[in-house]
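J.: Handing you a structure now.
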Amino acid sequence: MKTQKFTQQIILGSGSIYRKELLQRLQIPFETSNPKIDEMPLCNELPEQTAARLAEAKARAVAQTYPQALIIGSDQVAALGDIRLGKPLNHVNAVEQLRQTRGKEVVFYTAVCLLNSFTDKLQIRVIPYHVKFRQLSDQQIENYLIKEQPYQCAGSAKSEGLGIALIERMTGNDPSGLIGLPLITLIDMLNLEGVNII
């Protein structure tokens, strides 16, 4: 049986346990490095532009430490029309977010960047995922938040957990992107760098 050899170190530029768990699905050796960058959106920047810029910024920040690696950066911005939905961080903010989104569609823009820090070759893609929320009562929102406490999740809904009960429908090309790292897209990017997953 022939084993896959990886000539370059692969680094996931993220401190997210969700992104780490997603990348582990590909069964490739990698390390993680948590980049420290300013994640504030720029004035008049569209959500998808913010996601792409921050994904690249994370990869380039990690490249300072790993100058000969394949570095994966990713960022997600959730938008309800013109309103951006970040991580709520606490119960009060999560209640407000879920009240805002009930019965409405939120678009989750997840950017993935693959930077070859040795050649400076850069690939970036932004994957949108559309999520229509159910018309939730205040009590349902409370029940959900007490059980799952998704305070580190953009939009206050953890779709891979109990948050699926909040959702009426989801549409998009890469469901792993909704969780935080679009694996279907990333596999294509890695292939272009000579990393064949299977």
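J.: Among SER137, GLY161, ASN34, whose Cα lies farthest out toward the positive end of the dipole of the chain, if unit charges sit on the beta carbon of Lys, Arg (+1) and Asp, Glu (-1)?
T.: Of the listed residues, the answer is GLY161.
J.: Now, a different point. Please label the shape of the range 1-88 as rounded, prolate or oblate, based on the square roots a ≥ b ≥ c of the eigenvalues of the alpha-carbon gyration tensor (a/c under 1.5 means rounded; beyond that, a/b larger than b/c means prolate, else oblate).
T.: prolate
J.: Show me 135-145, 63-73 ranked by packing, highest mean number of other Cβ atoms within 10 Å first.
T.: In descending order of packing, they fall as 63-73, 135-145.
J.: Let me ask another. Could the peptides 7-16, 33-42, 178-187 be put in order, highest first, of the mean number of other beta-carbon atoms found within 10 Å of their residues?
T.: 178-187, 7-16, 33-42
J.: Normalized C-alpha radius of gyration of the chain, against 2.2 N^0.38 Å?
T.: In units of the 2.2 N^0.38 Å rule of thumb, it is 1.06.
J.: Sticking with this one: Please report the orientation-averaged projected area of the range 149-198, defined via the convex hull of its C-alpha atoms, in nm².
T.: Result: a mean projected hull area of 4.6 nm².
J.: I'd like the orientation of helix 91-101 relative to the chain: the angle between its Cα long axis and the longest Cα principal axis, in ° from 0 to 90, rounded to 10.
T.: The two axes meet at around 80 degrees.
J.: What percent antiparallel are the DSSP beta bridges of the chain, to the nearest 5?
T.: Given both bridge residues lie in the chain, the antiparallel proportion sits at roughly 80 percent.
J.: May I pose another question? Pairs of lysine in the chain with Cα under 20 Å and at least 8 positions apart or on different chains: total?
T.: 16
J.: Give the peptides 81-91, 115-125 in descending order of average Cβ contacts within 10 Å, highest first.
T.: Top of the packing list down: 115-125, 81-91.
J.: Helix 183-192 sits at what angle to the longest principal axis of the chain, using alpha carbons and giving 0 to 90 degrees rounded to 10?
T.: Result, in degrees: 20.
J.: Let me ask something else about it. Any chance you could give the angle, 0 to 90 degrees and rounded to 10, that helix 138-148 forms with the longest Cα principal axis of the chain?
T.: Once rounded, one gets 40 degrees.
J.: What net charge do the residues around GLU168 carry, taking every other residue with its C-beta under 11 Å from that of GLU168, with Lys and Arg at +1 and Asp and Glu at -1?
T.: +4
Coordinate-derived values only; no laboratory data. Here the structure is a predicted model, which means the values were calculated and not measured. Quick reminder, even Gly has a Cβ in these numbers, built from the backbone with ideal geometry, and neighbours come from all protein chains shown.
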